[in-house]
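Working notes, beginning with the structure itself.
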Amino acid sequence: QRLADRLVYGKRATPYEVLSEFSERVGQTYASEELLPRMARALGEGTGAARADVWVRVGEELRSEATWPEDADPLPARPVASGEETANTSSSLFEPVRHRGELLGALSIEKRPGETLTATEEKLARDLAAQAGLVMRNAGLTEDLLDTIEQLRTSRQRLVTAQDEERRKLERNLHDGAQQQLVALAVKLRLAEQVADRDPPEVKELLAG
């Protein structure tokens, strides 16, 4: 069976190699959108699974945010209660991910038909889940920071829009109000200037106006 697996699936990395490579990748990765896919890939390739998923807690649900291989069909969300305990069968595993006791997500793998999980593969999933806690915490903090920045950007845009609207309102008021009055005054002054010599009483009336 081991020889057949080697011929079909190639040499699989040891758990130490997988964890070492994943730690190195995380150290070189800053964008949160890259962390979870890399985690799913490390889990899938390290265990030779048919698919691997990284679940993230969103409210009272666990959602599959990264899948390996990437073209695998998405899985439906699961209630948080389902991630509280490790759930294993002979060919699948669902391992919770915690950080400082708080459930942040889970890792899951499904083996190919006819394959079963080995003790080494289970240990790899548990060790990777232990590392994933801090990664998910940092990814969550990054998402919170990005969300705050987006909220600030939206708020600033609202302020700019409100200021523009006030400016346009002032322009309309000046155009429709003060500007018209100033034009009328200029017309009356020119008229007063024209009749100043021949009709002083009318000039006095115009100036009073």
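The values are calculated or read from the model by the stated rules, or taken from the named source; none is laboratory data. Owing to the predicted nature of the structure, the values given are computational and were not obtained by experimental measurement. Note that each Cβ is placed from the backbone with ideal geometry, even for glycine, and that neighbours are counted across all protein chains shown. Areas reflect the complete protein model, heavy atoms only, side chains present, ligands, DNA and RNA absent. Shrake-Rupley method; radii C 1.70, N 1.55, O 1.52, S 1.80 Å.
Annotations for the structure displayed:
- The Stokes-Einstein estimate for the range 43-122, based on a Kirkwood radius over Cα pairs and taken at 37 °C with 0.692 mPa s viscosity, is a diffusion coefficient of 256 µm²/s.
- On the basis of the beta-carbon distance and an R0 of 45 Å, Asp197 and Arg172 show a calculated FRET efficiency of 0.65.
- Solvent-accessible surface ranking, highest first, for Ser90, Ser108, Ser82 at 1.4 angstrom: Ser90, Ser82, Ser108
- Proximal charge balance of Ala52 [Cβ under 9 Å; K/R count +1, D/E count -1]: -1
- Taking max minus min of the alpha-carbon positions on each principal axis, the range 87-209 gives extents of 116, 32, 15 Å, largest first.
- Take the Cβ atoms of Arg190 and Arg156, set R0 to 35 Å, and the FRET efficiency comes out at 0.15.
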